[in-house]
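One structure coming up, written as structure tokens, with questions to follow.
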Amino acid sequence: MARSVLLNLLAFVAWGVFGLGLGAVLRSQIVAVIGAIAVYAGSFGTELVFTALYNLFHQGWMLGAPVIGPAVASEVMTTSGPAFPDAPPGWTGGIILIGYTVALVAGGIALTKRRDVI
């Protein structure tokens, strides 16, 4: 129970910082909101894409590859069992979600420093 609560807390914090980084990278509020919706919804599209690729090439790793989407990574991280058939372990989703968050924050900091006059 405590593990589930802590993992969900970590996911919520990561998504909050992810949003801050995305907002810093995309200056327009409308573009940032549309981008956030597209990233979240598009993440679940990775399952469809990799399933179609698996049906063509029959490579087993393609069934676990949808975890590269941030929303799927979050789902894999916070689900107590396998999030979907052939899903990677939960820590994989956590690393991927934190990686996206760190990349967006670093990009946001770099762009903000470059834009601001000191």
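The values are calculated or read from the model by the stated rules, or taken from the named source; none is laboratory data. What you are looking at is a predicted structure, and each value in this text was computed from that prediction instead of being measured. In case anyone asks, the SASA skips ligands and DNA or RNA and just uses the protein heavy atoms, side chains included. Shrake-Rupley method; radii C 1.70, N 1.55, O 1.52, S 1.80 Å.
How high is the relative contact order of region 61-118, in percent, counting Cα pairs under 8 Å that sit 6 or more residues apart?
31 percent
Same structure again: Explain nothing, just compute: Karplus ³J(HN,Hα) = 6.51 cos²θ - 1.76 cosθ + 1.60, θ = phi - 60°, for every residue of region 46-59 in order, whole Hz, x for Gly and Pro.
4, 4, 5, 5, 6, 5, 5, 5, 5, 5, 7, 10, 6, 9
At a 1.4 Å probe radius, carbon and sulfur cover how many percent of the accessible area of the chain?
73 percent
For region 17-87, what relative contact order do you get, as a whole percent, if you take Cα pairs closer than 8 Å and at least 6 residues apart?
Averaging sequence separation for qualifying contacts and normalising by length gives 26 percent for region 17-87.
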